[in-house]
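Before any comments, here is the structure.
Every number in this text was worked out from the coordinates using simple rules, so none of it is lab data. Owing to the predicted nature of the structure, the values given are computational and were not obtained by experimental measurement. In this analysis, Cβ positions are derived from the backbone assuming ideal geometry, glycine residues included, and neighbour counts consider all displayed protein chains.
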Amino acid sequence: MPGSSASPLAVPTWPRITATVRADGTGEVALPGRPDRRVEEPDLATARTTALAHVQDVAEELSRPVRVTTVDPEGSWQLIVHPGGRVEEVGLEPQPGPPAQPAPSVQDRTEAPTLRLAPPAASGVPGLTPGTPVPPGPQLGDPVSQGQAHLAAAHADPLPDTLPTHRDWQATQPRRRPEHAEQGWQGALRRATGGLVKPSPSGGELAWRRHVQTVQRSYDGPRTVVVANPKGGAPKTTSVLALAATLGQHRGGGVLAWDVNENRGTLGLRAMTNPEQTNTAVELLRDLDRFTGPAARLGDLDNYVRPQGDQHFDVLASTEDPARRDAIGAEEYRQLHRLLSRFYRLVIVDTGNSSIAPCWEAAVASADQLVVPMSLGEDTVDHAAFMLEQLLAQGHTELVRNATTVLVRAETTAGGGPGRARAQRDLARRVHAHFGTLTRTVVEVPPDPALAGGRPIDYQALTPRTRAAWLQVAAEVSRGL
């Protein structure tokens, strides 16, 4: 309309803000036309809450909504923050709940005359198994006339072949809707508003919960997972420790990481150590008689394994004595495996580099699942492919087809340019094509400085993205068990 300064249908232009936080708790909130606001907190979760508080302050000052792009180690999200604390997640539609079912009215509650059947004769009642309670039959003095009883019997449903059980009743319970968010920016929003704003969990958090549920499933007995790749330098020990820590934390213990390297293994070096505990699998084999009786207890193993604290798993290291490295052969492995399977629900085996060593072959024979770790290197992948081919030739078809392939990416280094990046992408594509057909699944794990350098691994130092990837690996392993 001529002379109008603005159309009533004009879309408001919201100030755009970028909130960036890092794993160490530092970050900044970039405001257009204003100085950035620094974020310095002890951890990532608190940093998210502080950053969002800054954004809410801006919305209050401007008395208008603001759009914020959030960036952290787990990804990026788009949010709109309104004055007063209301928050919208851009592109995320609320999920409708199940339609409410109206309660039946009094008129709907028609009650048929009560029909009581006579107690079963010795021959039993057709359609009911012995011991099933049967409603009692008509009794003398009941106010139901004989004609009414015949009418009720004519319209009564036939007795079912099986009666519902308690488990059937539990299956009728309504599914729980997703709870409020605990992780990511959605969780930070809920905490920053004191629970007034309760965003739904993000897709990443919902996937996390599904993986945890899979990891926590029950087995019908102890299980053995063998991690194998004959190539020296393949991330076997890294995979064993990360997998054992993930399973231990989410299952609550009962997990053992066991090094059966025919040479000097590195599992004991990269795990948490106790200077007062230097015993290894060789010492446990020497004292095996202590555990032959029925009175043997898990606590008796404490002098041989190395507890990993709040990671809720133990480590059984290989010997570091060159004169005793060949002490564990095939029969010795089987003896130790029988013992350890009595006390642990999950045994994660770290194998050596020789696929013809007797202990290596015995470990594969005991496996309920095979995990094949590899880094993005032609030689590491080639060794894994050759190993699986040999296992197929030896008759381990089911083990290979049920295996989980883990592609552990390394930190990218300077140099090589676009050509190296293309080569890496092409190799990753080939890995997925080959091992995705040969094994049950391929899972990628991102690079993480806490896994590099050969230092002892601190699981808590891994980035949230890395922990989420190892949780996916653990879920795939658990699914295959």
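Less than 12 Å Cβ to Cβ from L340, Lys/Arg counted +1 and Asp/Glu -1: what total charge do the surrounding residues give?
+4
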_Fraction of beta bridges assigned by DSSP in the range 210-480 that are antiparallel (%, nearest 5)_ = 5
*For the range 46-61, what does the Karplus curve 6.51 cos²θ - 1.76 cosθ + 1.60, with θ = phi - 60°, yield as ³J(HN,Hα) per residue in whole Hz, taken in order and with x for Gly and Pro?*
5, 5, 4, 4, 5, 4, 5, 5, 4, 5, 4, 4, 5, 4, 5, 5
*Compute the signed sum of charges (Lys and Arg +1, Asp and Glu -1) over the other residues within less than 12 Å, Cβ to Cβ, of G254.*
+3
_Taking a ≥ b ≥ c as the square roots of the Cα gyration tensor eigenvalues, with a/c under 1.5 meaning rounded and otherwise prolate when a/b beats b/c, else oblate, which class fits the range 352-481?_
prolate
*What relative contact order, as a whole-number percentage, does the range 210-480 give when Cα pairs under 8 Å and 6 or more residues apart are counted?*
28
*Considering the options T380, V406, A363, tell which one lies farthest towards the positive end of the dipole of the range 357-410, charges being +1 on Lys and Arg and -1 on Asp and Glu at the Cβ, about the Cα centre.*
V406
*Using a ≥ b ≥ c from the Cα gyration tensor of the range 210-480 (square roots of the eigenvalues), is it rounded, prolate or oblate, where a/c under 1.5 gives rounded and otherwise the larger of a/b and b/c decides, a/b for prolate?*
prolate
*Determine the gain in length on full extension of the stretch T278-A450; use 0.36 nm per residue of separation and subtract their C-alpha separation, reporting nm with one decimal.*
59.4 nm
*Pop the C-beta distance of T165 and S218 into the FRET formula with R0 = 25 Å and round what comes out to the nearest 0.05.*
0.85
*Could you calculate the FRET efficiency of R429 with R86 from 1/(1 + (r/R0)^6), where r is the beta carbon distance between them and R0 is 41 Å, rounded to 0.05?*
0.40
